[in-house]
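Student: Pasting in a structure now, in structure tokens, and then I'll have a few things to ask.
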């Protein structure tokens, strides 16, 4: 009679260990959270295509149907206020307003839904049983659909997966023909959205815009989401070091306020990466810098600095100094030591960073691991891992000036 031999304890432990290693490998390789984000993005693209097709059918059959009020940005999130007053949405440029529908009619296709178009006017009936809404559809995440009419139309969604965002493997945001590389855009006129994007994205590495991606802790800023698609987000978990948020800083748009007298405010940027050129919209509340500081500094020793301002002056500090021919204020080249006066007015500062071959961990509003902080108001930061050509640099400066009316 043959005796059946079972597994030994050691063999079982080896098998369990192998299974555990394989499980961890699968999780890291497949990244379930990213796969869910990709699935939602795929849904978004389908929703936008379906809605756009329905609008095209209606537009082809009749010219009398109302597409909505021009210069109104209609939002897929419900609100009891027709102007979306309760949602805390980002500020719009002058002349634009938001439009919302209540929960009861949000997805209606008869003109009372969030897209104010009566699709039942199509001879064969509405091709939509209900208006699509974003899979997340919330203000806090910034994930919702927008619809902008103007004799034609544009529909937008925000991608959340790396795959479909700027420079992703299946980048659909910057390749869809629209003028904002951080959005999915579809429609008959892709210039209707008042939210324009930076015109140069090929070497874009970092993009902070105070009108988007801000997480607030009361009136303070605890996080600032990178809009470049690279997940270089900035955060501050220490409440005493969180910058303040200013809702109407310039041209109706917000900024963050870094201050030295309220806890030495700054934000830590995730990841280590190379920046060779940055464009920053900022000002100081003081006639001269009240301390050594910078809008975007290094979270390391002095030898890793990007650039730093001179305390008690309106120039760059000499270590490292600014570069003649590599520093511009409002499009005009500055000569070392790069006097930026008057610094109490918002400016567009373009700087070729020092030590341009060095990858760093960055901080917003501080340098030298938070040791040097000056009072600064910062509205936008755009960073590239290359030095832009003069044509491209001027295009980005022009985009910022059109947005903020600085000069």
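Student: Quote to one decimal, in nm, the extra length available between residue 355 and residue 105 on full extension: 0.36 nm per residue of separation minus the C-alpha distance between them. Walk me through the numbers before you get to the answer.
Tutor: Values: separation 250, 0.36 × 250 = 90.00 nm, distance 5.68 nm.
Length gained between residue 355 and residue 105: 84.3 nm.
Student: How long is the gain from residue 50 to residue 34 if the chain were fully straight, where each residue apart is worth 0.36 nm and the alpha carbon distance is subtracted? Can you show the working numbers first?
Tutor: Numbers: separation 16, 0.36 × 16 = 5.76 nm, distance 2.43 nm.
Separation in residues times 0.36 nm, less the Cα-Cα distance, equals 3.3 nm.
Student: From largest to smallest, what semi-axes in whole angstrom does the chain give when each is the square root of 5 times an eigenvalue of its alpha carbon gyration tensor? Numbers along the way, then the final one.
Tutor: Working: eigenvalues 311, 239, 72 Å².
Semi-axes (√(5λ), whole Å): 39, 35, 19.
Student: Continuing with this model, one more query. Past the 30 angstrom mark, what percentage of all C-alpha to C-alpha distances in the stretch 204-404 do you count?
Tutor: Details: 1781 of 20100 pairs.
Roughly 9 percent, rounded to a whole number.
Student: Quick check: pseudo-label points 7 Å beyond the Cα along Cα→Cβ at residue 61 and residue 216, how many nm apart are they?
Tutor: Each label point is offset 7 Å from its Cα along the Cβ direction, giving 4.4 nm.
Student: Sticking with this structure for a sec: Sort 117-127, 211-221 for me by packing, meaning the mean count of neighbouring Cβ atoms within 10 Å per residue, highest on top.
Tutor: On the way: 117-127: 15.3, 211-221: 16.8.
Order by mean packing, descending: 211-221, 117-127.
Student: By average Cβ neighbour count within 10 Å, what is the ranking of 187-193, 264-270, 298-304, 235-241 from highest down? Working shown, then result.
Tutor: Details: 187-193: 18.9, 264-270: 22.0, 298-304: 16.6, 235-241: 14.7.
Per-residue mean Cβ counts within 10 Å order the peptides as 264-270, 187-193, 298-304, 235-241.
Student: Full-extension gain between residue 391 and residue 136, please, as 0.36 nm times their residue separation minus the C-alpha to C-alpha distance. Kindly include the intermediate steps, with their values, before the conclusion.
Tutor: Details: separation 255, 0.36 × 255 = 91.80 nm, distance 3.89 nm.
Value of the extension gain: 87.9 nm.
Student: Among 32, 135, 243, which one shows the highest mean-square fluctuation when the chain is modelled as a Gaussian network with alpha-carbon springs under 10 Å?
Tutor: 32
Student: For a Förster distance of 30 Å, can you work out the FRET efficiency between the beta-carbons of residue 129 and residue 196, rounded to the nearest 0.05?
Tutor: Details: r = 34 Å, r/R0 = 1.14.
For R0 = 30 Å, the calculated efficiency reads 0.30.
Student: Give the peptides 149-157, 389-397, 313-321 in descending order of average Cβ contacts within 10 Å, highest first. Don't skip to the end; give the middle numbers.
Tutor: Numbers: 149-157: 21.3, 389-397: 14.7, 313-321: 17.2.
Packing order, densest peptide first, comes out as 149-157, 313-321, 389-397.
Student: Moving on to the next point. Each label point is 7 Å from the Cα along the Cα-to-Cβ direction; what then is the distance between the points at residue 189 and residue 120, in nm?
Tutor: So the two model labels end up 2.8 nm from each other.
Student: Continuing with the same structure: At 222 nm, what helix-only mean residue ellipticity would the chain give, in deg cm²/dmol to the nearest 500, using -39500 (n - 2.57) for each DSSP H run of four or more? Please report the intermediate quantities before stating the final value.
Tutor: Numbers: 3 runs with 67 residues, N = 407.
Only helices count here, giving -6000 deg cm²/dmol.
Student: Something else: Starting from the 7 Å offset along Cα-to-Cβ, what nm value, one decimal, do you get for the label separation of residue 231 and residue 251?
Tutor: About 3.2 nm separates the two model spin labels.
Every read-out reported here was derived from the displayed coordinates using simple, explicitly stated rules and does not represent laboratory data. All values derive from a computational prediction rather than experimental measurement. Using ideal geometry, Cβ is built from the backbone for each residue, glycine included, and neighbour counts are taken over all protein chains shown.
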